[in-house]
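Remarks on the structure that follows.
No lab work stands behind these numbers, since they all come straight from the coordinates. It should be emphasised that the depicted structure is a prediction, and the values quoted were computed from it without experimental measurement. Virtual Cβ from ideal backbone geometry, glycine too; neighbours counted across all protein chains shown.
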C-alpha cells in the first residue's frame with residue numbers, strides 16, 4: 001500500500017519509532033499509536049500488565065478488545081500466551097474494517113506474528129472471528145456503544161483492552177456510562193487496560209468500583225507523569241506493583257480532584273462527540289473543583305524545588 005492510497009481513504013500509513021507499521025486517522029486527527037511505536041506500545045500497555053502467566057491450560061481466558069484497529073493488541077496477547085495455552089474466548093468491537101485490512105496487506109506487519117496468530121487476525125478480517133473449539137472469536141462491527149449490548153449478558157471478561165482514540169477525539173467511548181458498562185463485564189479480578197491517563201476516565205472507572213494502577217512507559221516512550229491505566233475488578237489477587245504497573249503517585253491521585261476529572265456523559269448512548277464535549281465544558285465551568293492548570297503549576301513547582 002502506498003501512502004497516497006491510504007490518504008485517499010483518510011488513513012495515512014507511516015512507520016513508527018520501533019519500525020512497526022501504523023496508521024494516522026484524518027477523521028480523528030490522531031495516529032493509532034504513540035511515540036514508542038505500535039509494537040512496543042501494545043506489549044507495554046496490554047500484554048505485559050495482563051500478566052498472562054496467571055492462566056493455565058485448564059483456564060478459559062476471556063478477552064474483549066475495544067477498538068481492534070490494526071489488531072496489535074489482540075495479536076500480542078495471543079503471541080504471548082503461556083504454554084500449555086488456555087482456551088481463548090475472544091470478542092472484538094470495531095467501527096472500521098479498513099485498518100485491519102491495510103495492516104494485513106503489509107509484509108512487515110504479517111512478519112511480526114506466528115502463523116497461528118496471523119490466522120486469527122485473518123479470521124477476524126474475513127469471517128468476523130473464528131471457531132476452533134474451545135477457542136472461539138467473535139468480531140462485532142459498528143458503533144461500540146451498541147455493539148457492547150449485543151454481547152450476551154452473562155459474558156464476563158478477564159481482560160478488556162480499551163484502545164479507542166483519545167477522549168477529546170472520541171469521547172463516545174470514554175463516557176461514564178460506557179466505562180461503567182465495560183466495568184460491569186469484568187470477571188472478579190479482571191483487568192481493564194488502557195493507554196489513557198485521563199482523570200475523567202480514571203474517575204469514572206473508580207466510581208464503577210475498580211481499583212486503579214498506573215502503567216509504566218513503553219520502551220522508547222517519552223516519560224511523563226503517567227503512562228496509562230490498569231483498572232481491576234475486586235475479587236482476585238493483584239499486587240500493588242507488578243510487571244508493567246505501579247501504584248498511583250500523589251500527583252496522579254490529586255489529578256482525580258481537579259476539573260479534568262469531570263466525566264464525559266452520554267446517558268442514552270446516542271450523543272455525538274460534539275454534544276458530549278460541550279456538555280462536559282458546561283459541567284466543568286459550574287463545578288467547584290480545582291482548575292487543572294493550578295494542579296499542573298503546583299506540581300511543576302514541586303519538581304523544580306526537588307531538583308535544586
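Listed values, structure above:
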{"read-out": "Relative contact order, percent, the stretch 234-295 [alpha-carbon distance under 8 Å, six or more residues apart]", "value": "38 percent"}
{"read-out": "For the stretch 21-100, alpha-carbon Rg and Dmax in angstrom", "value": "13.8, 44"}
{"read-out": "Within the stretch 35-307, percent of DSSP bridges classed antiparallel, to nearest 5", "value": "40 percent"}
{"read-out": "Relative contact order (%) - the chain, alpha-carbon pairs under 8 angstrom, separation at least six", "value": "16 percent"}
{"read-out": "DSSP beta bridge pairing in the stretch 44-183, given as percent antiparallel to the nearest 5", "value": "20 percent"}
{"read-out": "Structure-derived Kirkwood radius over Cα pairs in Å: which label, when the choices are [x] 23.2; [y] 19.4; [z] 20.0", "value": "[z]"}
{"read-out": "Base-10 log of normalised Debye intensity for the stretch 35-145 (one unit scatterer per alpha-carbon) at q = 0.17 Å⁻¹", "value": "-0.80"}
{"read-out": "Computed helical MRE - 222 nm, the chain, DSSP H runs ≥ 4 contributing -39500 (n - 2.57), nearest 500", "value": "-9000 deg cm²/dmol"}
{"read-out": "Whole-angstrom gap from the stretch 42-59 to the stretch 150-187, using each part's C-alpha centre", "value": "19 Å"}
{"read-out": "The chain: most fluctuating residue of 119, 24, 172 per GNM, C-alpha cutoff 10 Å", "value": "119"}
{"read-out": "Helix axis angle, 292-307 relative to the chain longest principal axis, alpha carbon, degrees", "value": "90 degrees"}
{"read-out": "Relative exposure of 138, 255, 33, judged by other C-beta atoms within 10 Å (fewest first)", "value": "138, 255, 33"}
